[in-house]
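This report concerns only the one structure given below.
The values are calculated or read from the model by the stated rules, or taken from the named source; none is laboratory data. Just so we're clear, the structure is a prediction, and the values are computed from it rather than from any experiment. Positions of Cβ are generated from backbone atoms using ideal geometry, with glycine treated the same way; all protein chains shown enter the neighbour counts. Accessible surface areas use protein heavy atoms only, side chains included; no ligands, DNA or RNA. Shrake-Rupley method; radii C 1.70, N 1.55, O 1.52, S 1.80 Å.
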Amino acid sequence: MRLAAATALSAAFALAACGGDSPTPTPAATPSPTPTTAVVAYNVENCFTQIIPGTNGQTLRSLIVPDTVKLDLSRPAAFPNGRDLDDKVIDITLAALFLDFTVTGQSPDTFANLPLNPPANDKPFSATFPFLAPPQGTPPLAATTGTSFNFRTDPDSAYVVVDRMGMPAVATALIGSSQKVPYNDATPTNDVAGQFRTEETN
């Protein structure tokens, strides 16, 4: 707009300098109207209901609701069937959410196979339970090691919900900022009841 006004003004002075008639005044520029923000809504239902290859017909929704680690002992153990410590959980979950598996070449491993991830954990995993790598630095340690729990026989009341890590990408990518703390404090029962359904579809 300024360049056009300057060009018109220069032309007016040039005409005046040539001794011609006085130029017709250039009308003032009309300000551009303020654009209105368009509200765009996406139907993400297909993302949640498409079949994930290699899962015996499971959909993303069946994997994330309720938010628990699921294990079918009749199939090889690898996320999303169970979870190894070095499984690329978030890459696989986001592929299931954002990719169309009916397109040739797309699979749950599409993002995991990109050369963006570190080649290995920065510290080797332990060969014994709980198999976690040693911590970085010198963090405070718990007073007990947790070895008193018997995962096969202890009742549900023996456990305390500490964090929602069944499907880490759920809280990362699907739960809005205002709901992250309530989601983390909730239980799989809340998931089944649909408490966070509006979060996952927005």
Sort the following peptides by mean Cβ neighbour count (other Cβ atoms within 10 Å, averaged over residues), highest first: 98-104, 57-63, 185-191, 127-133.
-> 57-63, 185-191, 98-104, 127-133
Nearby lysines by direct alpha-carbon distance to Lys123 (threshold 26 angstrom, same-chain neighbours under 8 apart not counted) | Lys88
In nanometres, what is the gap between the two model label sites at Asn46 and Asp86, each 7 Å from Cα along Cα-to-Cβ?
-> 3.7
Can you pull the accessible area of Lys70 for me, 1.4 Å probe, Å² to the nearest 10?
-> 50
Would you kindly derive the ³J(HN,Hα) couplings of segment 48-65 from the backbone phi angles with the Karplus curve 6.51 cos²θ - 1.76 cosθ + 1.60 (θ = phi - 60°), listing them in order in whole Hz, with x for Gly and Pro?
-> 7, 10, 5, 6, 8, x, x, 10, 6, x, 6, 9, 4, 4, 5, 7, 9, 10
